[in-house]
Amino acid sequence: MKRYYFLTILCTINFSNAFSQIESDQVKKTKTFIKVWGFLKYYHPLVGSGDLDWDKEFVTRVVEVNKLESGKDINKYYLDWINSLGNVENCSDCKNDIPDSLKFNLDLVWLDDTTLFSNEFIGKLNFIKLNRNPKGNAYVQYNMFIKNTKYSGEKIYKDSIYPSLPMRLLSLARYWNIIEYFYPYKYVIGQNWNEVLSEMIPIFQYTIDTISYHMAMRVLITMINDSHAGLTTKYTNKYFGYKWAPFTFKIIEGKAIVKDFYNDSLCLLNDIEKGDVFLEVNNESIPNIIKRKSRFIGASNEPTKLRNFNYAIFNGSTDSVSVKFDRNGVIHQKMLFRYFFSDFEYYKKKLPKIDPYKILDGNIGYVNMGVLKQKELRRMMNKLSTTKAIIFDVRNYPKGTMYKISKYLNKEKKPFAKFTEPDLSYPGVIRNTPPYYCGGANKSYYKGKVILLFDESTQSHAEFTLMALQTAPNVISIGSQTAGADGNVSKIFLPGNIQTYMTGLGVYYPDGRETQRIGIIPDIEVKPTIEGIRAGRDEVLDKAIEVINK
């Protein structure tokens, strides 16, 4: 009961307000320590070498700092600590004349906070900032060929599934500082990352068992509002429940509409039909469930968050659940059976064969980008070259075909994207890359209409693919906002053998327009409706055909 009481509170209240009266001093001390520890981790040459056990420094000293009462004692403690690390040499290779345009993600103003630190300690911190570690860092590196970050030097502590309080705070400190210094989109997460730290410290202090610790991590990860960022463990699965309803659904207008079946026989047994509109689960409305669990479901934007509720509406731990649903205007209430996902034997289900490309009525080409392979491109374009339009359906995950397709669609090379990447020589600074190009000289390029279809299922490489295909001269995009998470992912390791991800590179249009959280925006917005799903129509594709025929 204690666990579920804690998780209910975690869902519904702001902990920074709940504990501000009794924990303000302790939270402030812990917060400052986490920031100092993280700064030294990425800036101090000796710490960055990896020769010290910096995790051990954390779990030992966070306890010691919190026992100190006066600001004078705390400052002396910090000075003694920083002096024990050894002298920092002048860095002739450190470039400190950085334009403000590259500092939009950098926040080191707190180094000069005289309400926290003495002038002597402030001087020490700023000297380290100007003479930081220039020779690489044991805790953060670039991935080969692509300059998103990796954190292979971090310990994962497999046996600490429910760590001690200092180790839980280490998890918070490690994640918070990685986002603080290396997340290229920190500036668009929609909240003050510094305030997030204040809010999360009490949560991590008061987690009572393994499930609540993993769910606290999930709340933290959700706060960066990144569709790449998530956390799934057997403990988070246990919270949501291992038993599933036997169907897939889409949330429209606060209702869950059955789209397809995981298992046809089990849906028949439960008298479930495609198009059934669920209104309540366990006597709770769908909007209430969404509101209650929203803090645990991460995404860059609202449509993608609703997409990610696929396991959070009907899942549970019991064999059945009470549901209320609408079938063709008649309201029904009954018990719905739930099953382990393995019971569906979904891998045995015979799915309809999907052609990578075909010609629709009216001489319209259609390409399913999630199925199309590179080896099929030449034959595809030969077959579709005389069509009056080609529809590229990117409501899926393409297979790396974008560059070759763009050569068929453009008469010349065109810029379509540019990247930003973290500067490991100056943590917190973000660097721009030159533009990326697609297409090439081609006098016989395709001259018909090009239609792009997409929605919230279009994510990452799929969004990058759209940016390249949008360079076609006669292009129209139809559908709805994409997932808003482009750029290669970076894996993060946390105590308790927890692994999560974040978007590791910034991706922009050549003119600087953002894609993170915003996604790709259609020229013509079309979203599925309850009526369309019930009728078995693909309303986005129907609109594309209508636009072509006009």
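Each value in this text was obtained by applying a stated rule to the coordinates, not by laboratory testing. Because the structure is predicted, anything quoted here is derived from the model rather than measured. Quick reminder, even Gly has a Cβ in these numbers, built from the backbone with ideal geometry, and neighbours come from all protein chains shown.
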Straight-distance crosslink candidates among lysines, where the alpha carbon sits under 18 Å from K250 and sequence neighbours closer than 8 are dropped:
K259, K274, K291, K293, K305, K324, K527
Place a point 7 Å from Cα of L269 in the direction of its Cβ. Which residues in the range 307-341 have their backbone N less than 13 Å from it?
319-320, 336-341
Residues K383 and D209, FRET efficiency given R0 of 60 Å [Cβ-Cβ distance, rounded to 0.05]:
0.50
Once you have a ≥ b ≥ c as the square roots of the Cα gyration tensor eigenvalues for the chain, tell me rounded if a/c is under 1.5, and otherwise prolate or oblate according to whether a/b is larger than b/c.
oblate
Enter the angle in degrees (range 0 to 90, nearest 10) between the Cα long axis of helix 2-12 and the first principal axis of the Cα atoms of the chain, meaning the one along which they spread out most.
70 degrees
Name the shape class, rounded, prolate or oblate, that the alpha-carbon gyration tensor gives for the range 290-427, where a ≥ b ≥ c are the square roots of its eigenvalues, rounded holds for a/c under 1.5, and otherwise prolate holds if a/b is larger than b/c and oblate otherwise.
oblate
For the range 30-90 and the range 184-198, what is the separation of their C-alpha centers, rounded to whole Å?
23 Å
In degrees, nearest 10, the alpha-carbon axis of helix 54-67 is tilted away from the dominant principal axis of the alpha carbons of the chain by 60 degrees
Net charge of neighbours whose Cβ lies under 15 Å from the Cβ of K543, counting Lys and Arg as +1 and Asp and Glu as -1:
-4
Which residue, N497, T420, G448, has the largest displacement toward the positive end of the dipole of the range 418-550 when charges sit on each Cβ (Lys, Arg +1; Asp, Glu -1)?
G448
Sorted by mean Cβ packing within 10 Å, highest first, what order do the peptides 476-484, 155-163 take?
476-484, 155-163
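Suppose every Lys and Arg Cβ carries +1 and every Asp and Glu Cβ carries -1, with no other charges. What dipole size does the chain come out with about its Cα centre, to the nearest 20 debye?
On the way: 74 positive and 58 negative charges, 357 e Å.
Computed charge dipole of the chain: roughly 1720 debye.
Return the FRET efficiency for the residue pair K349, F104: r is the Cβ-Cβ distance, R0 is 51 Å, and the value is rounded to the nearest 0.05.
Efficiency, from the Cβ-Cβ distance: 0.60.
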How large is the charge dipole for the range 391-530, taken about the Cα centre, if only the Cβ atoms of Lys, Arg (+1) and Asp, Glu (-1) carry charge, to the nearest 20 debye?
600 debye
What is the distance in Å between the Cα centres of the range 396-434 and the range 478-545?
17 Å
Residues with beta-carbon under 13 Å from that of T32, excluding T32: net charge, scoring Lys, Arg +1 and Asp, Glu -1?
+3
Hits among aspartates and glutamates - C-alpha to C-alpha of K76 under 13 Å, sequence gap 8 or more where chains match:
E64, E120
So for the chain, taking the charge dipole from beta-carbon charges (+1 Lys/Arg, -1 Asp/Glu), which of L116, G506, S160 sits furthest toward the positive end?
G506
Amide H contacts under 5 Å for Q470, placed H, 5+ residues apart:
none
If Lys and Arg each add +1 and Asp and Glu each add -1, what is the summed charge of the other residues whose beta carbon sits under 13 Å from the beta carbon of S300?
-3
Lys/Arg Cβ at +1, Asp/Glu Cβ at -1, dipole of the range 105-149 taken about the Cα centre: which of Y139, L125, N105 is farthest positive-ward?
Y139
For the cross-link pairs K28/K491; K56/K155; K67/K124; K35/K72; K358/K449; K124/K155, which exceed 20 Å when the distance is taken from alpha carbon to alpha carbon?
K28/K491; K67/K124; K124/K155
Once you put a point 7 Å from the Cα of E376 and another 7 Å from the Cα of K443, both along the Cβ direction, what distance in nm separates them?
3.2 nm
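Only Lys, Arg, Asp and Glu count, each charged at its Cβ (+1, +1, -1, -1), so figure out the dipole size of the range 204-297 about its Cα centre, rounded to 20 debye. Intermediate results must be reported in sequence, preceding the final value.
Working: 12 positive and 10 negative charges, 80 e Å.
So the dipole magnitude of the range 204-297 works out to roughly 380 debye.
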Straight-line reach from K399: which aspartates and glutamates fall under 20 Å, measuring Cα to Cα and dropping same-chain residues less than 8 apart?
D355, E376, D455, E456, E463, D486
Label the range 426-468 by shape, choosing from rounded, prolate and oblate, from the square roots a ≥ b ≥ c of the eigenvalues of the Cα gyration tensor; if a/c is under 1.5 it is rounded, and otherwise prolate applies when a/b is larger than b/c, oblate when it is not.
oblate
Taking the chain and counting helices only, DSSP H stretches of n ≥ 4 at -39,500 (n - 2.57) each over all residues, the nearest-500 ellipticity at 222 nm comes to -10500 deg cm²/dmol
Per the Kirkwood definition applied to all pairs of different Cα atoms, how many angstroms is the hydrodynamic radius of the range 444-550?
15.7 Å
Modelled FRET efficiency - R0 30 Å, K67 with N192, Cβ distances, 0.05 increments:
0.55
Roughly how compact is the range 137-292, stated as its Cα Rg over 2.2 N^0.38 Å to two decimals?
1.32
Spin-label pair Y436/E284, simplified geometry with 7 Å Cα→Cβ offset, distance in nm
4.0 nm
When DSSP assigns beta bridges and you keep just the ones with both residues in the chain, what percent turn out antiparallel, to the nearest 5?
75 percent
